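One structure is given below, encoded as structure tokens.
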Amino acid sequence: MANILVVHGPNLNLLGQREPEIYGTATLEDINRQMTELGKQQAMNLEFFQSNHEGEIIDRIHSAVGQADGILINPGAFTHYSIAIRDALSAVKIPTVEVHLSNIHAREDFRRQSVIASVAVGQISGFGTQSYALGLLALAEYVKRSGHFA
Ligand code: DQA
């Protein structure tokens, strides 16, 4: 059984009411429920964490050492500038998949850059709630293949 930490960054607690034309109408609870179902099928234990605070996200990543086999993260706006979250992921060396609801490459210029992508196994962006499902499947496969469990 693989343990996966799912991290939701700032403003994602507002999903459902936040700019639905960009982010859709599903709430964070809906997305987590969908992932929990998928997790069961993939023999994965999921733990969810949402924070609007950079330091709390970093602390949660640190405490995943020896506990999580993989991290699925939507860093929200931190994607574009948090070297500190990038360094935390790089330090713990836990395989990470980055996901986004919207296609960050097709929006404002400042969203095109991800400082997280270079320390992630990969990035999935633009498929709405399906980005999470696709990211989770990709991470499950990667963790199983690597054979390293916490
Ligand atoms: C987001 C994209 C980011 O640019 C934005 O700041 C978010 C959500 C996405 O899931 O599409 O908060 O990560």
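Just so it is clear, none of the values below were taken in a lab; they were calculated from the coordinates. The structure displayed is predicted, hence computed values, not measured ones. We place every Cβ from the backbone using ideal geometry, glycine too, and count neighbours over all the protein chains shown.
Hey, what number do you get for the chain at 222 nm if only DSSP H runs of n ≥ 4 count, each worth -39500 (n - 2.57), divided across all residues, to the nearest 500? Intermediate results must be reported in sequence, preceding the final value.
Numbers: 6 runs with 58 residues, N = 150.
Roughly -11000 deg cm²/dmol at 222 nm, from the helical runs in the chain.
Can you list residues from other chains, or at least 5 along the same chain, whose modelled amide H is less than 5 Å from the amide H of THR96?
ILE71, VAL121
Which longest run of the chain has no exposed loop site in it, a site being trypsin sites (Lys or Arg not before Pro) in a DSSP loop with at most 15 other beta carbons within 10 Å, and the site itself not part of the run? Could the numbers behind the result be given before it?
Working: sites that count: ARG18, LYS93, ARG107.
Looking at the chain, 19-92 is the longest stretch - no exposed trypsin sites (Lys or Arg not before Pro) with at most 15 other Cβ atoms within 10 Å.
Within 10 Å of each candidate Cβ there may be at most 14 other Cβ atoms; applying that plus a DSSP loop requirement, which GluC sites (Glu not before Pro) in the range 24-126 survive?
Numbers: sites: GLU29, GLU37, GLU47, GLU54, GLU56, GLU98, GLU108; in loops: GLU108.
Sparse-neighbourhood loop GluC sites (Glu not before Pro): GLU108.
Please identify the helices of the chain, taking whole runs of DSSP H, that span at least 15 Å along their own axis as judged from the Cα atoms and have a mean Kyte-Doolittle score of 0.5 or higher.
Values: long enough: 28-41 (20 Å, -1.18); 130-146 (24 Å, 0.28).
Taking the DSSP H segments of the chain (at least 15 Å long, mean hydropathy at least 0.5), we get none.
Under a point spin-label approximation (7 Å from Cα along Cα-to-Cβ), what is the PHE48-MET1 distance to one decimal in nm?
1.9 nm
If you take the C-alpha gyration tensor of the range 67-138, multiply each eigenvalue by 5 and take the square root, what semi-axes do you get, largest first, in whole Å?
19, 16, 8
Quick one: divide the alpha-carbon radius of gyration of the chain by 2.2 N^0.38 Å and tell me what you get. Provide the component values of the computation, followed by the final result.
Values: Rg = 14.1 Å, N = 150, 2.2 N^0.38 = 14.8 Å.
Dividing the Cα Rg of the chain by 2.2 N^0.38 Å gives 0.95.
Considering the chain as a Gaussian network with a 10 Å cut-off on Cα pairs, which listed residue, ALA64, ALA106, ALA88, attains the greatest mean-square fluctuation?
Of ALA64, ALA106, ALA88, the most mobile in the Gaussian network model is ALA106.
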